[in-house]
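Inspection log for the structure reproduced underneath, given as structure tokens.
The values are calculated or read from the model by the stated rules, or taken from the named source; none is laboratory data. All figures in this text were calculated on a predicted structure; none of them were measured in a lab. Every residue, glycine as well, gets a Cβ built from its backbone with ideal geometry; the counts of neighbours run over all protein chains shown.
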């Protein structure tokens, strides 16, 4: 396992077009991203606004669309540590400031048709060795992507609590 990237592949019974909509349309994203997640017009160079919880409106956290090739590839820069994250984990202002010094990473989604499914290949990279963000996304992405798969295949999200 690399100490500077996260790579994951999940097979989803869906069309590339349905999976693309799930990755890019706000109402679809909210279904599998627990009411939060990214929002953009998904044009290269556009801002990606982010909601850290279902109770907050999406806002600019410095993210930018790097690639958008419907329905094959989507990539964008990832947000840095935001105050909401520090609050969730109980970090002090000093801990947040220290973690914000980590480089901003990027995530790419490649959609590859495989029979009646789509292989969704996720590469999230650009982390510094020992990154706290990498440790978080290593736990978070598998849960989030499992929920994406479940929503697309059953039309119902997973209940974690």
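Could you tell me whether any residue of segment 3-15 is crowded, with 17+ Cβ neighbours inside 10 Å and more than 17 Å from residue 140 (Cβ to Cβ)? Yes. The residues on offer are 98, 30, and the sole one that is part of a helix (DSSP H, G or I), at pLDDT below 95 and surrounded by 14 or more Cβ atoms within 10 Å (Cβ to Cβ) is 30.
When segment 24-62 is filtered for residues that are out of contact with any helix residue (DSSP H, G or I) (no Cβ under 7 Å at 6 or more places or on another chain) and in contact (Cβ under 8 Å) with a residue 40 or more places away in the chain, the ones remaining, listed by number, are 24, 34, 62.
Do the conditions hold for residue 146, that is, is it closer than 21 Å to residue 48 by Cβ and either under 17 Å from the mean Cα position of the chain (by Cα) or surrounded by fewer than 17 Cβ atoms within 10 Å (Cβ to Cβ) (or both)? No.
Restricting attention to segment 33-56, which residues are surrounded by 12 or more Cβ atoms within 10 Å (Cβ to Cβ) and on the phi > 0 side of the Ramachandran plot? Show your work before the answer.
Of all residues in segment 33-56, those surrounded by 12 or more Cβ atoms within 10 Å (Cβ to Cβ) come to 33-40, 42, 44, 46-52, 56.
Within segment 33-56, 34, 35, 37, 42 meet the criteria.
Contact annotation: residue pairs with Cβ atoms under 7 Å, 6 or more positions apart or on different chains, pairing a residue in segment 141-160 that is more than 20 Å from residue 116 (Cα to Cα) with a partner that is outside any helix (DSSP H, G or I) and at pLDDT below 95, are 144/33. The number of residues in segment 69-95 that are surrounded by fewer than 17 Cβ atoms within 10 Å (Cβ to Cβ), closer than 20 Å to residue 6 by Cα and in contact with a helix residue (DSSP H, G or I) (Cβ under 9 Å, 6 or more places away or on another chain) comes to 1. Filtering 104, 64 for residues that are surrounded by fewer than 17 Cβ atoms within 10 Å (Cβ to Cβ), at pLDDT 90 or above, touching a strand residue (DSSP E or B) at 6+ places or on another chain (Cβ under 8 Å) and in a loop (DSSP other than H, G, I, E, B) leaves a single hit, 104.
Against the numbered list (1) closer than 20 Å to residue 35 by Cβ; (2) touching a helix residue (DSSP H, G or I) at 6+ places or on another chain (Cβ under 8 Å), residue 145 comes up short only at (2).
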